[in-house]
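Chemist: Let me give you the structure first, and then I'll get to my questions.
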Amino acid sequence: MKKILASNFKTNHTRASTKGFVEGIDKFVKQEGITNDIFIFPTATSLDCFEISDNISIGVQNAYPVSDGSFTGEIGTAQLDEFGIKTILIGHSERRHILKEPNELIVKKYDFFKSNNYKIIYCIGEPYEVKLEGMESIIEYLFSQLEGIDLTYKNLIVAYEPVWAIGTGKVATVEDINEIHGVLKQKITSPLLYGGSVKTDNIEEILNIDSVDGVLVGSGSWKIENFIEMIKVGAKNVIKR
Ligand code: PGA
């Protein structure tokens, strides 16, 4: 299986710079004949109908589990359909912890977007206080975030992103990623990504871990030259299975 490369823009890039980024990545992918699956999650205001290679998907960082209705500030599938968006991030730690999205809503979103056949990148990850308690607590916490989630869904990708590693420059050790991914893989058959301070200078060792099927990258991917560098590394990294 080819390594998956995903870029989460969060609240960065404008409509104009997103267009330049997406077109630039598409040009590179075509030029180099890259066949890895690539995901880009721009802000909702920068979504568009991009004419890009089949292996590049544009996804939405968040949406409400409705087609349309009265949910001020939210968007639903009616708005996403306009741009042919069929990919969504659910359960990202910034939504869980900063925006206080409760687990029931996360599960509701999962079920709704699953029933609409979306590709779902479902994020899980433990906060620092749980990490301090040791491996048993970490696994227990991660498993609790998988409760109510249909892990047999064919369009699911799971991303393990320790909360303390996101946007902090702190990365889980290769040993920890290997161990945690190993345990998760006993439960999950869908691809499993790692996320949390992935940068151009550590992506190679992370992608070299057999149980890592790809990466979900925030800040390290926002400059196009850095994401291109990451795609290059991902393209030469084929899992031996
Ligand atoms: P980061 O974010 O790469 O900036 O740590 C990762 C993420 O939030 O997906």
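Chemist: Ile98 versus Glu140, label points 7 Å from Cα toward the beta carbon: distance in nm?
Modeler: With each label point 7 Å from Cα toward Cβ, the separation is 3.0 nm.
Chemist: Using R₀ = 51 Å, calculate the FRET efficiency as 1/(1 + (r/R₀)^6) where r is the Cβ-Cβ separation of Ala16 and Leu105; round to 0.05.
Modeler: Working: r = 32 Å, r/R0 = 0.64.
Between Ala16 and Leu105 the formula returns 0.95.
Chemist: Right, another one. If you filter the range 106-156 for trypsin sites (Lys or Arg not before Pro), then keep DSSP loop positions with at most 16 other Cβ within 10 Å, what is left?
Modeler: On the way: sites: Lys108, Lys109, Lys114, Lys119, Lys131, Lys154; in loops: Lys154.
Filter output for the range 106-156: Lys154.
Chemist: Quick one: if you stick a label point 7 Å off each Cα along the C-beta vector at Asn116 and Glu204, how many nm between them?
Modeler: 4.2
Chemist: At most 15 other Cβ atoms within 10 Å and a DSSP loop assignment: could you name the GluC sites (Glu not before Pro) in the range 1-67 that fit? Working shown, then result.
Modeler: On the way: sites: Glu23, Glu32, Glu51; in loops: Glu51.
Passing sites in the range 1-67 are Glu51.
Chemist: According to a simple spin-label model (label point 7 Å from Cα along Cα-to-Cβ), what is the distance in nm between Cys49 and Lys154?
Modeler: 2.7
Chemist: Moving on to the next point. Can you tell me the accessible area per residue over the range 1-66, all protein chains present, probe 1.4 angstrom, in square angstrom?
Modeler: Using a 1.4 Å probe on heavy atoms only, each residue of the range 1-66 averages 43 Å².
Chemist: For Glu74 and Asn178, calculate 0.36 nm times their separation in residues minus their Cα-Cα distance, and state this gained length in nm to one decimal. Intermediate values should be presented prior to the final figure.
Modeler: Details: separation 104, 0.36 × 104 = 37.44 nm, distance 3.71 nm.
Answer, rounded to one decimal: 33.7 nm.
Chemist: I would also like to ask the following. Find how many whole Å separate the alpha carbon centroid of the range 91-121 from the alpha carbon centroid of the range 187-217.
Modeler: 21
Chemist: If I take every Cα pair under 8 Å that is 6 or more residues apart in the chain, average their sequence separation and divide by the length, what percent do I get for the relative contact order? Spell out each step's value before the answer.
Modeler: Working: 432 pairs, mean separation 54.6, N = 241.
The value is 23 percent.
Chemist: Compute the Cα gyration tensor for the range 4-240, then decide on rounded, prolate or oblate, letting a ≥ b ≥ c be the square roots of its eigenvalues: rounded whenever a/c is under 1.5, prolate when a/b is larger than b/c in the other cases, and oblate in all that remain.
Modeler: Values: a/c = 1.59, a/b = 1.08, b/c = 1.47.
It is oblate, given that a/c is not under 1.5 and a/b is not larger than b/c.
Chemist: With all protein chains present, how much of the accessible area of the chain (probe radius 1.4 Å) comes from carbon and sulfur, to the nearest whole percent?
Modeler: Details: 5540 of 11050 Å².
With neighbouring chains kept in place, the figure for the chain is 50 percent.
The values are calculated or read from the model by the stated rules, or taken from the named source; none is laboratory data. Because the structure is predicted, anything quoted here is derived from the model rather than measured. Please note: Cβ atoms are built from the backbone with ideal geometry, for glycine as well, and neighbour counts cover all protein chains shown. Note: accessible area is taken over every heavy atom of the protein model, side chains too, but ligands, DNA and RNA are not part of it. Shrake-Rupley method; radii C 1.70, N 1.55, O 1.52, S 1.80 Å.
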